[in-house]
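The structure appears right after this line, and notes come after that.
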Amino acid sequence: MLSAVDNELMTRVGAGTSMGNLMREYWIPFLFSSEIVVDGPPERVRLLGEDLLAFRDASGKPGLIGESCPHRGASLYFGRNENGGLACIYHGWQFDVNGKCVAMPSEPATSNFHDKVATVSYPLAEQAGVIWTYMGSSSALPPLPGLEWLDLPQDQIVASKRVQYSNWVQGMEGDLDQSHLSFTHRWLTLNPDSYRRGVDVIRQNDTHPHFEVLQTEYGVVVACSREVGDGRKYWRLTQQMMPFHTITPPYGDDPTRNWRAWVPIDDENVFVIGLTFHPNKPFTAEEREGLEQRAGVWTISPQFRAPKTSVPFGAWRPTLTVENDFHQDRELQRNGLYSGIPEFWAQDAAPQLTMGRIFNRAKEHLGTSDTGIITVRRRLLNAIKKHEVDGETPPEVLNPGVYQVRADALFLEPDESWLESTAERRKVSAASNPDSPA
Ligand code: FES
Ligand SMILES: [Fe+2]
C-alpha cells in the first residue's frame with residue numbers, strides 16, 4: 001500500500017505539482033510526424049493537463065502552442081494555418097510555431113502591440129517519426145533519451161498509440177507486473193496459433209513467479225523467473241526507464257523489440273505510445289500488415305478503434321469501454337480465455353480502469369508478485385522528493401546513453417545468475433540481437 005499523501009504525489013501531474021514538475025524535466029513523446037502536415041489543420045493535444053495545439057508551418061517546422069488565444073481566449077484549433085503561423089478565426093491574431101504573435105490585423109498597422117504578445121509554446125524535437133516536446137523550465141534543452149529505435153529507419157518500425165481512461169501510473173504498472181500474464185492473458189486450453197506456445201505452457205504451470213529487481217541509472221530492471229519444469233528457470237527482464245518508459249521482453253529467434261511510454265494526458269487519462277521495431281532489418285509488407293492489424297498493449301485492432309474526432313488524441317480511442325464490459329464473452333470465459341475478453345489490450349484495461357480513474361493505493365494489499373511495482377513507485381517517489389529538495393535536473397536526463405538498454409528473456413540453470421548472464425544482452429548492440437525463448 002501507499003499512503004494517501006504519496007499516492008497523490010505520484011499520480012498528480014498538473015503544472016506546479018511535484019510529479020508534474022519532475023516529469024517536465026524529461027522529453028515527452030506525443031505525436032507521430034505523419035499526424036501533422038505542412039499548412040494542414042492543427043491537432044489538439046493535451047499533455048500533463050495542458051491544452052495545446054500541434055501544427056506544421058509552411059516551412060515544415062512543427063510547433064506546439066497553447067490552444068487558447070491570448071486575445072480573448074477563443075480556441076486556435078479553428079485557426080487558419082497559413083503564411084508561417086496559425087491565425088485565430090475570431091480577430092485574426094496569428095502565432096508562429098514559437099508562440100510569437102506575428103500578425104494582429106485587428107489593430108492599426110502602426111501598432112506594435114503584437115510585439116508584446118506571445119502565447120504558450122514548447123520546443124519540439126522530431127526523430128524516427130516521433131515528435132517530442134520539452135515542457136520544462138531549463139533554457140538549455142536536454143538531449144533526447146538514447147532509446148535504441150531513435151536511430152532506426154522507418155522501414156524497421158511500426159508505431160501506434162492508445163488512449164486509456166485512467167491515471168498513467170495504473171497503466172505503467174501493468175507493464176511491470178509479470179504475474180498477471182498467468183491470468184489476464186491466459187488461454188484455458190493452449191492456443192494452437194500462439195507463436196509463444198512454450199512460454200504459454202510455462203506461464204500456465206507456474207503461476208507464482210519469483211521477482212528480483214535492480215536499481216539502475218535510468219530506472220529499474222524488473223526480473224521475473226518461472227520454473228520451466230526441467231530444472232531450468234525462465235527469466236524475463238522488463239526495463240522501466242524514468243519517468244514513464246517501459247520495454248517488455250522479446251519472444252523468439254532474432255526477435256522484434258518494443259518500447260512504449262505511458263504519457264499522462266492529465267491526472268485521469270493517459271495515452272500509451274509505442275513501437276515494435278527490428279534492430280537490424282526492415283519489416284516485409286506482410287509483417288507490417290500483421291503488426292498493424294494486431295491488438296497488443298498499445299495497439300488496437302482496427303475494428304475497435306473509434307472514428308477519429310478532433311478531441312486530443314482523437315484518432316487513438318478504443319470503442320471497448322467499461323460501459324460495454326470490453327465485450328466480455330462469458331461463454332468464452334468458460335471455455336477459452338481466462339478473462340473472457342477477446343481484445344488483448346482490453347484484457348488489461350478491464351482490471352485497470354475498474355480500479356477507478358486514480359486508484360487509492362492506501363486500500364491495496366501487496367504480495368510478493370508486486371515487487372516490481374513497489375520498487376518503481378519507490379523510485380518515482382524518491383525522484384520527486386530529491387527533485388523538490390535540490391531542484392536539480394535528474395542525472396539521467398543529461399545522460400542519454402544510459403537509455404541504451406534492452407529487455408531480455410532466456411532460460412538459465414538454477415545456479416546461473418540472471419544479472420551476469422544478461423549483462424551484455426541488456427545493452428544495445430549493432431552486432432547481435434540474441435534469441436529469446438518462444
Ligand atoms: S480571440 Fe483570438 S484573435 Fe481575438
Ligand atoms: Fe497485460
From the options Arg317, Arg294, Arg288, residue that is open to solvent by less than 80 Å² (accessible area, probe 1.4 Å), touching a helix residue (DSSP H, G or I) at 6+ places or on another chain (Cβ under 9 Å) and basic (Lys, Arg): Arg288
Name the single residue, out of those in segment 150-164 being over 14 Å from the mean Cα position of the chain (by Cα) and in contact (Cβ under 8 Å) with a residue 60 or more places away in the chain, that is nearest to Val311 (Cα to Cα). Val158
Could you tell me which of the residues Tyr90, Tyr122 is over 26 Å from the mean Cα position of the chain (by Cα) and within 19 Å of Arg44 (Cβ to Cβ)? Tyr90
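Results for (1) closer than 22 Å to Met242 by Cβ; (2) without any contact (Cβ under 8 Å) to a residue 12 or more places away in the chain; (3) touching a strand residue (DSSP E or B) at 6+ places or on another chain (Cβ under 7 Å); (4) among the small types (Gly, Ala, Ser), shown as yes or no for each residue.
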{"residue": "Met1", "(1), (2), (3), (4)": "no, no, no, no"}
{"residue": "Leu9", "(1), (2), (3), (4)": "yes, no, no, no"}
{"residue": "Ala15", "(1), (2), (3), (4)": "yes, no, yes, yes"}
{"residue": "Met23", "(1), (2), (3), (4)": "yes, no, no, no"}
{"residue": "Arg44", "(1), (2), (3), (4)": "no, no, yes, no"}
{"residue": "Leu53", "(1), (2), (3), (4)": "no, no, yes, no"}
{"residue": "Ala58", "(1), (2), (3), (4)": "no, no, yes, yes"}
{"residue": "Glu67", "(1), (2), (3), (4)": "no, no, yes, no"}
{"residue": "Arg72", "(1), (2), (3), (4)": "no, no, no, no"}
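Considering Val228, Val222, Val158, which residue is among the aliphatic types (A, V, I, L, M), surrounded by 15 or more Cβ atoms within 10 Å (Cβ to Cβ) and within 16 Å of ligand 2 (Cβ to nearest atom)?
Numbers: Val228 fails: within 16 Å of ligand 2 (Cβ to nearest atom); Val158 fails: within 16 Å of ligand 2 (Cβ to nearest atom).
None of the others qualify; the one that does is Val222.
Among the helices (runs of 4 or more DSSP H) lying completely within segment 247-354, list those that include at least 1 residues that are away from ligand 1 (no atom under 16 Å from the Cβ) and either modelled with pLDDT under 95 or over 23 Å from Ser166 (Cβ atoms) (or both). Steps first, please.
On the way: elements: 285-293, 330-335, 344-353.
Those helices (runs of 4 or more DSSP H) span 285-293, 330-335.
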Would segment 109-129 turn up any residue that is part of a strand (DSSP E or B) and more than 27 Å from Ala315 (Cα to Cα)? yes
Flag for Val102 being in a strand (DSSP E or B), of a type in the set (A, V, I, L, M), open to solvent by 30 Å² or more (accessible area, probe 1.4 Å) and more than 16 Å from ligand 2 (Cβ to nearest atom): yes
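The values are calculated or read from the model by the stated rules, or taken from the named source; none is laboratory data. Computed from a predicted model, the values in this text were never measured in an experiment. Ideal geometry is used to build each Cβ from the backbone, glycine not excepted, and the neighbour counts take in all protein chains shown. The accessibility values were calculated without ligands, DNA or RNA, using every heavy atom of the protein model including side chains. Shrake-Rupley method; radii C 1.70, N 1.55, O 1.52, S 1.80 Å.
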